[in-house]
Every structure is written in C-alpha cells, then in structure tokens.
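Structure first, commentary second.
Values quoted throughout were computed directly from the atomic coordinates according to the rules given, and no laboratory measurement underlies them. Just so we're clear, the structure is a prediction, and the values are computed from it rather than from any experiment. Here Cβ is always computed from backbone atoms with ideal geometry, including for glycine, and neighbour counts include all displayed protein chains.
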Amino acid sequence: MIGIAASLPVIPTFGGAPSSYACERANRLFCSGWISQNWSTVLWPALRQHVLLSLVAVAIGFAISFVLALLAYRWHRLERPVILVSGILYTLPSLALFEILVTVKPLGLSARTAEVALVSYTLLILFRNIVTGLRAVPDDVKEAARGMGMTERQCLWRVEIPLALPSIIAGLRIATVTVIALATVAAYICDEGLGVPIFAAIQDGVFKTELIAAGGLAVVLAIVADGLLVLVQRALTPWARGRRLGAAR
C-alpha cells in the first residue's frame, strides 16, 4: 500500500474538556457537535477539494470525449478503437490504476495522478453517449436542414448537437456521479478530497462520526450535482419538455 493521507486527530484530547464533548467521550455513533467543531478545519476543506477534483476530471474528460466523438461520428472506423481503449481503462480497478500511474515519473503521488485516473473513467461513458445522441438524430431532420441551405458544419452545431443534448447530458450525469464516488479513493495517493477524513476514520476504527459525515457529504454532493445537470438539461432543451407534455395529453 502506497500510503493514506493523514488527517487531523478524530477524537480531541479531553483533559478538562467541556461538557459538549460528552458524545465523543461516550463514542456514540453520530456526534453533531464534532461536525460543528471540525467543519472549518476538516470537512469544508475536504469538500472543496473534492468538488475541484471532480469538476476538473469531468471537464477534461468531456473535452476529450467530445472531440473523439465528433471524429468517430464523421469517420466510423475510429469508433471501435476508441471504445476498446476507453473500455479497458474503465474496467481497471481504481486502486490498481492509481498504483500503476504513481510509477509514471512525471506523476507520482500527486493530485495530477488522481486527475488522470478520474478522467480515464469518464471517457467510455461520455464518448458512447455523445456518439449515440448524434446518430439518433433523424435523417429527415438533417435533410431538411441541408435543404434550408445549411452547411455540414452548421447542421452539426445548430441541429444535430442540440438534438443530441439529452443523450449527452445523460452521459454527463453518469460520469459526474461516477467521478464523485471514485474521487474519494484519490486520498490513497494525494491529501485531497473527502477520502482523507474517510480513510482517517477507517484507520481509527473507533470513532464513526467522521466517516458518516464525510461519506454523507459525498452522497449529497453526487445528488446535488445530478440535480443541477437535470436543471441544465431542462433549460437547454425546452422543446423536449414541450414534446413530453404534448405526448401526455
């Protein structure tokens, strides 16, 4: 094992401690007082780092996947090799991939190594959803766009990509939740993210509040991120909502 990032002590020293530490001293399952005492020094910094790790990974993964998907959409021969490589990366266990990447000299034990691993887990999901969304655009819609005088590029950006947005954002939702979950393992190689207090609590093996609080924050972050992407999809595709309402009537 390469090493787990250290965290602040879970249970404070109780020599002359105030009565507010009674829950910690009794080692109850959940102590809300510990959260308020350690929010600014442990949980909030870890949450911000986790958000940054996830945002960077999803943004880079989306940029790479989008370019590859556009190339594969135009040249079909590229699709199978991209799916093969990204599929291999996706099936690698996260800890094994982290250990492999750590041996690469420019990376080592750093946040960059974590980002490379997290990006690799987004590629298959995003690439397939983008390509699927583009190929699902009806041929008659594309023919109508060309009949209106649009060039291939104009048709792509004004018609095909907008119509593919539901599939693209669906891929973003899956990739984002996946990255948020896997980013907790990033603490295995770098001192960042909610994985730091989670691993510290696991190592301690006694006090459970830190584990519950950090794990709960990761779950809430995933739910909030997914909800925000749903709102983005509704804002960008009002025509889809109108079509669903029309079908319901």
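The table for this structure:
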quantity	calculated
Sites Ile60 and Leu231 - FRET efficiency at Förster radius 22 Å, r taken between beta-carbons, to 0.05	0.45
The chain: Cys lacking any partner C-beta under 4.7 angstrom	Cys155, Cys190
Stokes-Einstein diffusion coefficient of the chain, Kirkwood radius over Cα pairs, 37 °C, 0.692 mPa s, in µm²/s	159
Nearest-20 debye value, the chain charge dipole, Cβ charges on Lys, Arg, Asp, Glu	840
FRET efficiency for Thr132 and Ser36, using Cβ-Cβ distance with R0 set to 35 Å, rounded to 0.05	0.15
Additional length obtainable on full extension of the chain from Ser110 to Leu52, 0.36 nm per residue less Cα span	19.5 nm
Helix runs (DSSP H) in the chain reaching 20 Å along axis by Cα, Kyte-Doolittle at least 0.0	44-74, 111-135, 161-182, 209-236
Linear extension gain, Glu152 paired with Val220, 0.36 nm per residue minus alpha-carbon span	20.3 nm
